[in-house]
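The values are calculated or read from the model by the stated rules, or taken from the named source; none is laboratory data. None of the values given here were measured: they were computed from a predicted structure. Don't worry about glycine lacking a Cβ; one is built from the backbone with ideal geometry, like all the others, and counts go over all protein chains shown. The protein model used for the area step is the full one, side chains on, heavy atoms only, and it has no ligands, DNA or RNA in it. Shrake-Rupley method; radii C 1.70, N 1.55, O 1.52, S 1.80 Å.
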Amino acid sequence: MKRQAAVADVAQAASGPLIIGIDFDNTIACYDQAFARVACAMGLLDEASGLDKAQVRQRVREQAGEQAWMRLQGLVYGREIGLASVFPGFDQFVQRARQEGAVLRIISHKSRYGHFDPEQVDLRQAAMDWMLQRGFFAPDGLGFVAGDVSFHDERGEKLAAIARQGCRVFIDDLPEVLLDGAFPPDCRALWFAPGNRQHPPLTALPSWATLSDVLWPAAT
């Protein structure tokens, strides 16, 4: 039996191409090493090698408090965003999505400025520059255009944008976004969850390769 049209199934037979929305921070951009390095450079932690973002957050909050964690976030998402990497497999996911005729949108809940940042670095521009430097907007790269990216001050605005842009699939690392009561009911929520995480009723999808397999199963 040949592979069924998974795209049509995901899109619930909607007309037009499948529109896939994707979160940015900690879904496309991986900050694990960045948070560990900057936390040590700021003197918030003595040692952070091997710690992921969640572990750094827990330790900084315990040892230095919530404001210190917020200052760290502002630095990592702004001036030090160059330390972030693209999650492995994202490039291949984009290529597969393009081959399948899907439309990709990056929709992010991101304030313009970080808390307690005296330099007032524009976090949205920093993210755009990071993507530009990594070939996101190159025709022979990932093929995005600036209009494919939107940033929103509040989660509610992000959820409204997911609906407004007609997303039939949305990929995010935060369960609270995907399980929010305002999440569009006709949009399939996919949880990007590297590591051993659980958050029922969501199914953890630990890699971009797994996400690709879910959306476009191999022929049988």
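Tabulated data
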| read-out | value |
| --- | --- |
| Residue count, segment 167-200 (criterion: assigned to a loop (DSSP other than H, G, I, E, B), closer than 18 Å to Asn26 by Cα and among the aromatic types (Phe, Trp, Tyr)) | 0 |
| Residue ID - nearest to Lys53 (Cα to Cα), chosen from residues in segment 64-90 that are of a type in the set (Gly, Ala, Ser) and outside any helix (DSSP H, G or I) | Ala84 |
| Of residues in segment 120-143 being of a type in the set (D, E, K, R) and in contact with a strand residue (DSSP E or B) (Cβ under 9 Å, 6 or more places away or on another chain), the one farthest from Glu157 (Cα to Cα) | Arg134 |
| Top-ranked residue in segment 78-89 [being more than 16 Å from Leu132 (Cβ to Cβ) and open to solvent by less than 40 Å² (accessible area, probe 1.4 Å); ranked as farthest from the chain's Cα centre (by Cα)] | Gly89 |
| Filtered residues of segment 97-107 (kept if surrounded by 18 or more Cβ atoms within 10 Å (Cβ to Cβ) and over 13 Å from the mean Cα position of the chain (by Cα)) | Ala97, Ala102 |
| Qualifying positions in segment 83-112 - of a type outside the set (A, V, I, L, M, F, W, C) and over 18 Å from Val149 (Cβ atoms) | Ser85, Pro88, Gly89, Gln92, Gln95, Arg96, Gln99, Glu100, Gly101 |
| Failed item in (1) closer than 30 Å to Ser15 by Cβ; (2) touching a Phe, Trp or Tyr at 6+ places or on another chain (Cβ under 9 Å), with Arg98 passing the rest | (2) |
| Residue in segment 108-117 that is buried (at least 18 other Cβ atoms within 10 Å of the Cβ), aromatic (Phe, Trp, Tyr) and farther than 21 Å from Ala54 by Cβ present | no |
| Count of residues meeting criterion [assigned to a loop (DSSP other than H, G, I, E, B), free of Cβ contacts under 8 Å to residues at least 40 places away in the same chain and touching a helix residue (DSSP H, G or I) at 6+ places or on another chain (Cβ under 6 Å)] in segment 39-63 | 4 |
| Count of segment 164-220 residues which are in contact (Cβ under 8 Å) with a residue 40 or more places away in the chain, of a type in the set (Val, Ile, Thr) and open to solvent by 80 Å² or more (accessible area, probe 1.4 Å) | 1 |
| Subset of segment 12-38 (residues that are open to solvent by 30 Å² or more (accessible area, probe 1.4 Å), out of contact with any Lys or Arg (no Cβ under 8 Å at 6 or more places or on another chain) and either assigned to a helix (DSSP H, G or I) or at pLDDT 95 or above (or both)) | Pro17, Gln33, Arg37 |
